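These notes concern the structure reproduced below.
Values quoted throughout were computed directly from the atomic coordinates according to the rules given, and no laboratory measurement underlies them. The shown structure was predicted, so the numbers you read here are calculated from the model rather than taken from an experiment. Cβ placement follows ideal geometry from the backbone for every residue including glycine, while neighbour counts extend to all protein chains displayed.
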Amino acid sequence: MINAERDVYESIAAAPGGWRGGRLFKVVRKVPESSEIMSFYLQPVDGKPVIAHKPGQYIGIRLNTEGGEIRRNYSLSAPANGVSYRISVKREQGGVASGYLHDQVAVDDTVELFPPSGEFVLIEGSKPLVLISGGVGITPTLAMAEAALQAGGRHVVFIHYARNASVQAFQAVIDDWRERYAQFAAHVVYSEATAGDVPANTVTGLASTEHLQQWLPEDTDVEAYFLGPKPFMVFIKRALHELGVPDRQSHYEFFGPAEALA
């Protein structure tokens, strides 16, 4: 196992733009995406290229806070471009790392990043792509959607659940893709919408099998990816199975230690 891990680290370091261990990156942009989510655009201080990550992967970040050193993993929310990375971080209540990033890390500050990692990645192919997210689970599915749309030739169904318009991130991006890509279908659901809070192409309610049945392709031979709170994922996994999506084509990931979904 140790030898296998060493081989992986060495292959990442040897790849174009790769490295091993920590590498300093500068915050070149800091963009609020919603009332809770902030995007950070990160470029290496050494000015060299960065390794191309797979859509869906995450990156490790090390922060030196007043309380000491902390390390977290955040999904990369944009596809690879060879020069920079983007993470989109939700401010968690009581979250030390997210609070530090939102409140203390500014443009031109530096952070230490570790190479991209993770097995929750987009499978290349021609099967229709179904991406389902809850809350900040939108970050890896957004990168997957953009990569698939850039590649072309693949139908993409993008389904996102949020509490309301205030906390929903990337609405403008979703609207832009609706107009630009004929093969892109997006559906947004608000669970706690208030009067006047529901934009066009948005519905209210909770995750339901009826919604998925209406929005999934008639032929359910698709590649489905979903991410969000555990109860949400338990429901989505069961609903996809009931609607005929093959279990081997139903992919999910946890923010945190891996668990089984009943």
Problem - Cα-projected label distance for Ser11 with Val96, points at 7 Å along beta-carbon direction, nm - result: 3.4 nm
Handout entry: Potential lengthening between Asp176 and Asp219 on full extension [0.36 nm per residue; Cα-Cα distance subtracted]
Key = 12.8 nm
Problem - Amide H contacts under 5 Å for His155, placed H, 5+ residues apart - result: Leu129
Completion exercise
Computed from the beta carbon distance with a Förster radius of 51 Å, FRET efficiency for Val28 and Ser208 to the nearest 0.05 stands at 0.80
Exercise for the section: Please state, to two decimals, what the Cα-based radius of gyration of the stretch 129-252 comes to when divided by 2.2 N^0.38 Å (N = residues). Expected result: 0.99
Fill in the blank from the handout: Ranked on Cβ counts within 10 Å of their own Cβ, fewest leading, Phe158, Phe254 go Phe254, Phe158
Fill in the blank from the handout: When Phe170, Phe114 are arranged by how many other beta-carbons sit within 10 Å of their Cβ, fewest first, they go Phe114, Phe170
Practice task
Go ahead and run the numbers for FRET between Glu66 and Ser35, Cβ-Cβ distance against an R0 of 45 Å, rounding to 0.05.
Solution key: 0.95
Problem - Added length on full extension, which subtracts the Cα-Cα distance from 0.36 nm per residue, Ala106 to Arg163 - result: 17.7 nm
Problem - Whole-Hz ³J(HN,Hα) from phi, Karplus 6.51 cos²θ - 1.76 cosθ + 1.60, for the stretch 52-62, glycine and proline x - result: 6, 7, 8, x, x, 6, 10, 10, x, 10, 10
Problem - Ser39 long-range amide H proximity, modeled H, under 5 Å - result: Val31, Glu33, Val89
